[in-house]
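Asks: Here you go, one structure.
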Amino acid sequence: MEDRLKAFLQAGQTSIDNAILVHYQDLGFDNDDLVLYLQITRLQDQGDQANPAVIAHLMKVTEKTIIDRLKAMIDKNLMEVVSQGGQGEKYDFLPLYDRLLQGKGMRPANDVVSIGEKSRREVVRTLQGEFGRNLSPLELQTVAQWFDQDHFDPNMMVLAIQEAVANNARSLRYIEAILVNWQRENLTSPQAVQISREKRRGVVYQTQGRDDQANKKQAKQPIVPTFKLDDL
């Protein structure tokens, strides 16, 4: 018992600012990102290098997952890699702290949710309902890229989800392929997609059908010859 207590005390402690605990999601972190931040902080405070392989073993995930998350943090300007000369590199969260100090990305708990955030939640809710499960952190990151990098319309996202489900393809990659294809064909609204589908099926609109019927009626009318008075 004494040996365990001694080992427990020697392991030390890792502290975290309350502002990060309160606003980490507003800043772009999810729960796994927060744990990753704590693991990096712990290792570097101990003087060790935060090796992705070591962190992956601790978090019971693949090394690629950790590397992808680190890249995402850098892309979101929440972290940067700083060279320490002959001692290797260090993950520096100074950009995260600067954002906290400046109040960027932070909002009161009772603040009104913006339209953009509401759209994201609706898309995520639709995906989770169709998939029958919660989205993984990587899947949530993909959805965020649809909004922030690809700038897909939320209505088109929902339509693409429905299209994928109808084809029994519950995959974000499949849904993204649909969105890219629609974007390439300049289909920017659900109505445009519907018209494109009907054209492929050879559907003729009723207004066009009426015009065709009118033309046929005119074609069936007998031709009345015209005589000149001189010919009589």
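The values are calculated or read from the model by the stated rules, or taken from the named source; none is laboratory data. Not measured: the values here are computed from a predicted model. Neighbour counts run over all protein chains shown; Cβ positions are idealised from the backbone, glycine included.
Asks: With Asp150, Asp68 as the choices, which residue is charged (D, E, K, R), at pLDDT 85 or above and farther than 29 Å from Asn18 by Cβ?
Replies: Criteria check complete, one pass: Asp150.
Asks: Shifting gears a bit: Quickly run through segment 143-164 and pick out the residues that are under 16 Å from Glu122 (Cβ atoms) and aliphatic (A, V, I, L, M).
Replies: The answer is Val143, Ala144, Met156, Met157, Val158, Leu159, Ala160, Ile161.
Asks: Considering only segment 53-94, how many residues are part of a helix (DSSP H, G or I), over 15 Å from Thr41 (Cβ atoms) and either touching a residue at least 40 places away in the same chain (Cβ under 8 Å) or not acidic (Asp, Glu) (or both)?
Replies: The qualifying residues number 13.
Asks: Looking at Arg107 and the list (1) basic (Lys, Arg); (2) surrounded by 12 or more Cβ atoms within 10 Å (Cβ to Cβ); (3) at pLDDT 80 or above, which single condition is not satisfied?
Replies: (3)
Asks: Could you tell me which numbered condition Ile223 fails, if it satisfies all but one of (1) modelled with pLDDT of 85 or more; (2) not in a helix (DSSP H, G or I)?
Replies: Every condition holds for Ile223 apart from (1).
Asks: Here is a further query. Could you pull out every one of the helices (runs of 4 or more DSSP H) wholly within segment 136-206 that has 2 or more residues that are more than 30 Å from Lys71 (Cα to Cα), outside the structural domain of Glu122 (by TED's automatic domain parsing) and not polar (S, T, N, Q)?
Replies: Answer list for segment 136-206: 190-201.
Asks: Right, here's the next one. Tell me, yes or no, whether segment 79-94 has at least one residue that is at pLDDT 90 or above, under 26 Å from the mean Cα position of the chain (by Cα), among the charged types (D, E, K, R) and closer than 19 Å to Pro137 by Cα.
Replies: For segment 79-94, residues at pLDDT 90 or above, under 26 Å from the mean Cα position of the chain (by Cα), among the charged types (D, E, K, R) and closer than 19 Å to Pro137 by Cα: absent.
Asks: Among (1) of a type outside the set (A, V, I, L, M); (2) surrounded by fewer than 10 Cβ atoms within 10 Å (Cβ to Cβ); (3) modelled with pLDDT of 85 or more, where does Asp231 come up short?
Replies: The single condition Asp231 does not satisfy is (3).
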